Amino acid sequence: MDVCNPSYFMDDGIQAILRARRRAFDAAVHWEHRDVPSIVMVVDDTSVIEEDYTIHYQYLSVIHQRLYGLSRCGVPFRLHLFEDMERDDFPACHKVFLFPNLFKVTPERLDLLRRKVFRDGNVAIFGPATGITDGKMLSADLASEVTGIPLALVRKESPRFVTVDRFDHPITAALRERVDYGDFYPYGPLLVPQEGPSVLRLGGIQWPTAKDGAGLALRDCGTHTSIFTAAVPLPAMLLREIARFSGTHVYGEGDDLIFADNCTLTVHSMTPGTRTIRLPHASTVWDLTTFAKVGEGMREIEITVDPPQTRMFYLGERL
């Protein structure tokens, strides 16, 4: 980018936006920010030690998941490392936890999950190889204990595609189009959900043995709901319905990127049209580009999008 005069940043329109942003950033220093319930993707940054360093699975389960799932589901999301949950100030408001690459589970990690995640009706989503090792050997026993879903270990590699095929559960009942997700990249070993009275199959998968099986499985564990997926990344529409099921507020029904805390809301849109963004509670709303009051006691914000567009709002009585 040309940063010399004349440059992109010297454009009058860009300067006006930057002035508004500077004013908002200066004001934000004095706002009392608190997390709101969000989807939390908990990444194990040591997981590469447990695999063959080809990294494509990490791209699918973490990078691709963030870009094409979490960023498009209409719900705020947070990214944390696994050890962040050890902090005393780790937010207790979140209801959905996604573990894309938690290959290694030790007794200490399992205890942390029980204290911070497996409680209060939370939803825990586990990726394809969750708990497959204790750092010494591969086994389905620990994976079954962590997820609460009986799993079998199959020492094969396979591409993974899951098709949602059950629609009598609140997570899938609202889906109005076919949902398939996964990738052609083969990886393994496989952890295969074992169907039974306590395990609800929400999606099917064709395993390399040519056997149809559960690719998306759910179990009500009493203290929490456990979801195991045999494929990644999870699509935005499915994440949105999981969040809704958990009691997490859904801001938008489209593919907009949502950032939010208790007093700010940012909506980034890449497709044209009119949006209705629902607020978690009635609020006085201010536009942080113009610093004009949008309204009082608002439960929804109507946005007309001329993409690409980012709108920033403050929720509070006064700036």
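The values are calculated or read from the model by the stated rules, or taken from the named source; none is laboratory data. Predicted model only: the values in this text are computed from it and were never measured. So basically every Cβ, Gly included, is an ideal-geometry build from the backbone, and we count neighbours across all protein chains shown.
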- Item | Hits in segment 185-209 - residues which are under 22 Å from the mean Cα position of the chain (by Cα) and surrounded by fewer than 16 Cβ atoms within 10 Å (Cβ to Cβ) | Tyr185
- For segment 26-39, state whether one or more residues are at pLDDT 95 or above and not in a loop (DSSP other than H, G, I, E, B). yes
- Has segment 94-115 got any residue that is over 25 Å from Pro193 (Cα atoms), part of a loop (DSSP other than H, G, I, E, B) and in the same structural domain as Tyr57 (by TED's automatic domain parsing)? yes
- Item | Selected residue [out of contact with any His (no Cβ under 9 Å at 6 or more places or on another chain) and more than 21 Å from Leu102 (Cβ to Cβ)] from Gly254, Gly203 | Gly254
- Item | Looking only at segment 78-96, and only at residues there that are farther than 17 Å from Asp44 by Cα and free of Cβ contacts under 8 Å to residues at least 40 places away in the same chain, the one that is nearest to the chain's Cα centre (by Cα) | Ala92
- Message: For the structure I just gave you, tell me whether Phe291 is buried (at least 17 other Cβ atoms within 10 Å of the Cβ) and aromatic (Phe, Trp, Tyr).
- Response: no
- Leu153 passes all but one of (1) surrounded by fewer than 18 Cβ atoms within 10 Å (Cβ to Cβ); (2) at pLDDT below 95; (3) not β-branched (Val, Ile, Thr); which number fails? (2)
